Amino acid sequence: NAGVMQNPRHLVRRRGQEARLRCSPMKGHSHVYWYRQLPEEGLKFMVYLQKENIIDESGMPKERFSAEFPKEGPSILRIQQVVRGDSAAYFCASSPRGVQNTEAFFGQGTRLTVV
Amino acid sequence: SQQGEEDPQALSIQEGENATMNCSYKTSINNLQWYRQNSGRGLVHLILIRSNEREKHSGRLRVTLDTSKKSSSLLITASRAADTASYFCATDGFDQGAQKLVFGQGTRLTINP
């Protein structure tokens, strides 16, 4: 049973381009969470999704950021018109049910660098 | 409001010594979890303690939870160089619908050989 898979591991984008980050949860997991981490800091919650539904997007910036978790395929975090401040590590986690009852499993992250 | 603030921010000890990290949080919880992150890697789950539990053990790890003080501690006994990592506590934000884990800033632990 493969773990949470994120790709790409490293992504370089020029200012103004779009970044698409992918996350395949563990098999059987229908809950997906996205977090952002700046160097030497903790993880900041961005969005929580279940299949085809956004459950909580209270941590998502109001503009340029969007997330989806379609019925088929990976979850996608999309950042449009990237700016230097978007440079960070983005982590995806999945769980078989809500985290009030169980642990979350994390991927290795995507490190986005905006130049 | 931010949950799960760890103390100290950084800790450096000699191999073989015990390491203690503390976590404070602000709202009611269903559970509190501890994770480890090696440099440049993802987070690895260490232990989950439920709100009705006071202490839990896993190998060299011991976690305590005091819900009256809204605090938790992680003790690593007989530390090894491989324990060098950042350690984060996370709470599930029960008062906020228990929808997600909220992390603190972490404790950076360095084990000197």
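The values are calculated or read from the model by the stated rules, or taken from the named source; none is laboratory data. What you see is a predicted model, and the numbers here were worked out from it, not measured in a lab. All Cβ positions, even for glycine, are placed from backbone atoms using ideal geometry, and neighbour counts span all protein chains on display. To get the accessible areas, we keep the full protein, side chains included, count just its heavy atoms, and leave off ligands, DNA and RNA. Shrake-Rupley method; radii C 1.70, N 1.55, O 1.52, S 1.80 Å.
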Rounded to a whole %, the carbon-and-sulfur portion of the accessible area of chain B at a 1.4 Å probe is 44
Karplus ³J(HN,Hα) for the range A:19-24 (6.51 cos²θ - 1.76 cosθ + 1.60, θ = phi - 60°; Hz, whole; x = Gly/Pro) runs 10, 10, 10, 10, 9, 9
For B:Ser68, B:Ser24, the accessible-area ranking with a 1.4 Å probe, largest leading, is B:Ser68, B:Ser24
Mean other chain Cβ within 10 Å across A:56-68 is 1
For B:Asn112 and B:Ala82, extending 7 Å from Cα along the Cα-Cβ vector and measuring point to point gives, in nm, a value of 2.3
Residues hit by the 40 Å² burial cutoff in the range A:82-112, accessible area with a 1.4 Å probe, assembly against chain on its own, are A:Val99, A:Gln100, A:Glu103, A:Phe106, A:Gln108
With B:Asn18 itself left out, Lys, Arg at +1 and Asp, Glu at -1 over residues whose Cβ is under 13 Å from its Cβ give 0
Per the rule of 0.36 nm per residue minus the C-alpha distance, extending A:Arg9 to A:Glu68 adds in nm 19.3 nm
Neighbours of A:Gln80 by Cβ distance under 11 Å: Lys/Arg at +1, Asp/Glu at -1, summed charge +1
Among residues of the range B:21-68, a drop of 10 Å² or more in 1.4 Å probe accessible area, assembly relative to the chain on its own, occurs for B:Asn30, B:Asn31, B:Gln33, B:Tyr35, B:Gln37, B:Gly40, B:Arg41, B:Gly42, B:Leu43, B:His45, B:Leu48, B:Arg50
Scoring only Lys, Arg, Asp and Glu (+1, +1, -1, -1) among other residues with Cβ under 12 Å from the Cβ of A:Met5 yields +3
Partner shielding of A:39-46, taken as the mean number of other chain Cβ atoms within 10 Å, equals 6
On complex formation of A with B, accessible surface lost, both sides summed, probe 1.4 Å, nearest 100 Å², amounts to 1900
With all protein chains present, chain A has a carbon and sulfur share of its accessible area (1.4 Å probe) in percent of 45
Averaged per residue, the 1.4 Å probe accessible area of the protein assembly as shown, protein heavy atoms only, in Å², is roughly 47
Heavy-atom accessible area with a 1.4 angstrom probe orders A:Ser24, B:Ser39, B:Ser12, most exposed first, as B:Ser39, B:Ser12, A:Ser24
With Cα springs under 10 Å, the Gaussian network model of chain B assigns the largest mean-square fluctuation among B:Gln33, B:Gln99, B:Gln14 to B:Gln99
